[in-house]
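What follows is one structure encoded as structure tokens, with my remarks underneath.
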Number of protein chains: 2
Amino acid sequence: MTRNSLAEKNCSLARALDVVGEWWSLLVVREAFFGTRRFQDFVDNLGIARNILSSRLKRLVAEGVLSRAERADGGVDYALTPKGEALMPVLVALMQWGDTFANAEPAPVVLTDRATGTPIAPLSVRAADGRVLTPQDMRAVPGPGADAQLRARLMPRSSKR
Amino acid sequence: MTRNSLAEKNCSLARALDVVGEWWSLLVVREAFFGTRRFQDFVDNLGIARNILSSRLKRLVAEGVLSRAERADGGVDYALTPKGEALMPVLVALMQWGDTFANAEPAPVVLTDRATGTPIAPLSVRAADGRVLTPQDMRAVPGPGADAQLRARLMPRSSKR
DNA sequence: GATGGTGGTTGCATATCAAAACCGTGAACG
DNA sequence: CGTTCACGGTTTTGATATGCAACCACCATC
């Protein structure tokens with residue numbers, strides 16, 4: 001069954017998921033962050049089926065998240081593009097959520113600041129002035145690209161929230 | 001084909017994806033953030049098939065991301081739990097990435113600070129002392145819960161990166 | 001030339017997703 | 001009380017996604 005494409009939705013989250021929301025995609029990107037370059041290493045490190053990996057790599061290259069380059073020795077390297085690197089907050093957020101809520105054991109991986117060797121801070125959603133915000137502190141409002149339906153959905157409602 | 005379960009992986013990201021990585025799950029969570037409570041409203045707002053929604057809601061309730069409560073009028077409300085609300089940075093990160101890279105149009109949704117009405121800041125990954133970090137500023141090291149394989153993979157390597 | 005490493009591709013079985021129809025329950029209304 | 005409608009699902013069916021295993025083409029090395 002073809003999955004409902006999220007590519008046309010008036011929603012950046014849906015569009016992002018259209019690119020990286022398939023099973024395995026974010027793990028492939030994470031592997032690239034860890035320095036994995038070669039097809040077989042992705043297979044070994046992820047335990048992913050070769051055909052699925054091939055398909056995911058192809059998609060991620062086509063979307064500009066990864067680049068594919070042939071080495072002088074005839075091999076192939078995959079590497080993150082700047083667009084791919086921009087997914088770092090996504091991966092960090094998921095990993096930190098997983099550390100807290102989805103993993104019964106202590107954290108398997110700690111992300112550290114190279115300069116100090118200390119663990120990075122938990123991600124926080126912040127206001128423009130730097131204050132940390134909770135979900136209740138925030139409001140979703142229609143942006144410049146909102147369509148009529150979305151605009152109607154996000155209009156202020158009296159005491160519905 | 002049964003998807004390779006990510007539930008046993010020595011990796012918090014994989015474990016998080018095991019909970020919320022199925023097609024539609026994060027969009028369901030996003031809808032709950034927007035205040036959607038009722039089954040039919042999820043269907044209408046997401047354009048999701050009823051059986052898939054039922055399955056996703058069941059899973060998210062079982063995992064403690066959403067709670068399910070029956071109303072006095074006989075209806076059912078789904079709402080985020082604190083565990084679910086903790087996914088906010090994930091959703092914000094994906095949405096901001098989508099705004100920048102996956103959506104050709106201007107942002108459909110702007111998240112604002114209720115207090116000031118101004119848009120929230122872009123998410124940044126920070127060091128403990130507040131400095132903003134790039135991927136190159138960071139290092140993944142084995143945490144207390146790392147298994148032997150992961151430990152070996154994350155050992156320092158000379159000029160491999 | 002033979003071998004092995006590499007990056008895939010192919011065929012097949014099973015699970016997942018989507019569309020559509022259906023079902024059970026309870027509230028509201030006449 | 002009976003009927004209707006809203007609601008939250010469940011079931012059936014078929015197309016596509018995923019995984020396993022085998023295979024293939026190409027290139028470097030010996």
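Tabulated data for the structure shown
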| quantity | calculated |
| --- | --- |
| Filter result for B:Ala107 (open to solvent by less than 40 Å² (accessible area, probe 1.4 Å), in a loop (DSSP other than H, G, I, E, B) and more than 19 Å from A:Pro135 (Cα to Cα)) | yes |
| Selection status of A:Arg68, in a helix (DSSP H, G or I), more than 25 Å from B:Arg151 (Cβ to Cβ) and among the basic types (Lys, Arg) | no |
| Residue satisfying condition, being without any contact (Cβ under 8 Å) to a residue 40 or more places away in the chain, within 16 Å of DNA strand C (Cβ to nearest atom), of a type outside the set (Phe, Trp, Tyr) and open to solvent by 50 Å² or more (accessible area, probe 1.4 Å), within set B:Arg38, B:Arg56, B:Arg71 | B:Arg71 |
| Search result, residues across region B:93-104 that are surrounded by 20 or more Cβ atoms within 10 Å (Cβ to Cβ) and either among the aliphatic types (A, V, I, L, M) or within 7 Å of chain A (Cβ to nearest Cβ) (or both) | B:Ala93, B:Leu94, B:Met95, B:Trp97, B:Gly98, B:Asp99, B:Phe101, B:Ala102, B:Asn103 |
| Subset of region B:1-21 that is touching an Asp or Glu at 6+ places or on another chain (Cβ under 7 Å) and more than 7 Å from chain A (Cβ to nearest Cβ) - its residue that is farthest from DNA strand D (Cβ to nearest atom) | B:Ala7 |
| Extreme residue, farthest from DNA strand D (Cβ to nearest atom), among residues of region B:50-84 that are aliphatic (A, V, I, L, M) and under 15 Å from B:Asp18 (Cα atoms) | B:Val65 |
| Residue in region B:11-19 that is away from DNA strand C (no atom under 16 Å from the Cβ), assigned to a loop (DSSP other than H, G, I, E, B) and of a type in the set (S, T, N, Q) present | no |
| Residue in region B:60-69 that is β-branched (Val, Ile, Thr), out of contact with any strand residue (DSSP E or B) (no Cβ under 6 Å at 6 or more places or on another chain) and more than 9 Å from chain A (Cβ to nearest Cβ) present | no |
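The values are calculated or read from the model by the stated rules, or taken from the named source; none is laboratory data. No experiment lies behind these values; they were computed from the predicted model shown. Note that each Cβ is placed from the backbone with ideal geometry, even for glycine, and that neighbours are counted across all protein chains shown. SASA here: full protein model, heavy atoms, side chains in, ligands and nucleic acids out. Shrake-Rupley method; radii C 1.70, N 1.55, O 1.52, S 1.80 Å.
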